[in-house]
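Structure first, then comments.
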Amino acid sequence: MFISFEGTEGVGKSTLIVKLHAFLQAQQREVVLTREPGGTPLAERIRSLLLSTEQQEDIHYDTELLLMYAARAQHLAQVILPALQAGKIVLCDRFCDASYAYQCAGRGLSAEKLQLLNQHFVARLPDLTFWLDAPVDLGMQRATQRGALDRFEQEKLSFFSQVRHGYQQLQQQEPSRIKRIDATQSAEQVYAEALQHIQQFDGF
Ligand code: TMP
């Protein structure tokens, strides 16, 4: 089972992932906890390039998209696909939906570019995706409290509103895979809702 977690900044993805990981481990399930961009040594190096605020030049939006997919190709081949083949549960902090929300809805790149990349380089989509949704100003307040902001977190609120709208479009297109969870609820309520979806999932 492949589960991904999405949302704009500061919506509580990490807290939810830690709680679900603990629950699944207590059920004696083998779980792989990973994230994008990242998840392998090489993909983590690409992540550092993408998130760094110390850039010698502006990163072109196409370059940003392709770096996301370079990291993803490596992550899929080295971590996600082998884990799924071994019957493990993969919990992944962000996946392809983030590329649509950030690079297409946020940056304005065409959905066709993304479809092409998905078609050629993404052999497997998540079975279940949790979209943690909250007003963008609320999330940014939380992200700011965490410390120094990365290259994405430094974007304007209007950028995150577009990203949020992108997630909303995806959820409307694929309601059976993508579950919206109101992230303004308490962490306990968010966890209870996510757990219910997992337990209802065929094959869990
Ligand atoms: P994180 O802060 O949730 O770890 O994610 C890192 C940042 O990368 C986050 O601001 C969203 C961004 N991102 C994209 O823009 N496109 C993608 O495909 C992925 C996976 C992440």
I want to confirm something. Restricting to segment 34-80 and keeping residues that are within 23 Å of VAL18 (Cβ to Cβ), in contact (Cβ under 8 Å) with a residue 60 or more places away in the chain and within 12 Å of the ligand (Cβ to nearest atom), which single residue is surrounded by the fewest Cβ atoms within 10 Å (Cβ to Cβ)? LEU51
For segment 1-33, enumerate the residues that are within 25 Å of THR63 (Cβ to Cβ) and either modelled with pLDDT under 95 or surrounded by fewer than 21 Cβ atoms within 10 Å (Cβ to Cβ) (or both). GLU9
Boolean, ALA123 is in a helix (DSSP H, G or I) and either touching a residue at least 12 places away in the same chain (Cβ under 8 Å) or open to solvent by less than 10 Å² (accessible area, probe 1.4 Å) (or both): no
Residue among VAL136, VAL90, VAL190 that is within 13 Å of the ligand (Cβ to nearest atom) and under 18 Å from the mean Cα position of the chain (by Cα): VAL136
Testing TYR100 on (1) away from the ligand (no atom under 12 Å from the Cβ); (2) in contact (Cβ under 8 Å) with a residue 12 or more places away in the chain; (3) under 18 Å from GLN172 (Cα atoms), one condition comes back false. Which one is that? (1)
Those residues of segment 156-204 which are without any contact (Cβ under 8 Å) to a residue 40 or more places away in the chain and more than 17 Å from ALA101 (Cα to Cα) amount to SER176, GLN185, SER186, GLU188, GLN189, ALA192, GLU193, GLN196, GLN199, GLN200, ASP202
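The values are calculated or read from the model by the stated rules, or taken from the named source; none is laboratory data. Just so you know, these numbers come straight off a predicted model, no measurement behind them. Glycine gets a Cβ as well: all are built from the backbone with ideal geometry, and neighbour counts include every protein chain shown. Protein only, heavy atoms only, side chains kept; ligands, DNA and RNA dropped before computing areas. Shrake-Rupley method; radii C 1.70, N 1.55, O 1.52, S 1.80 Å.
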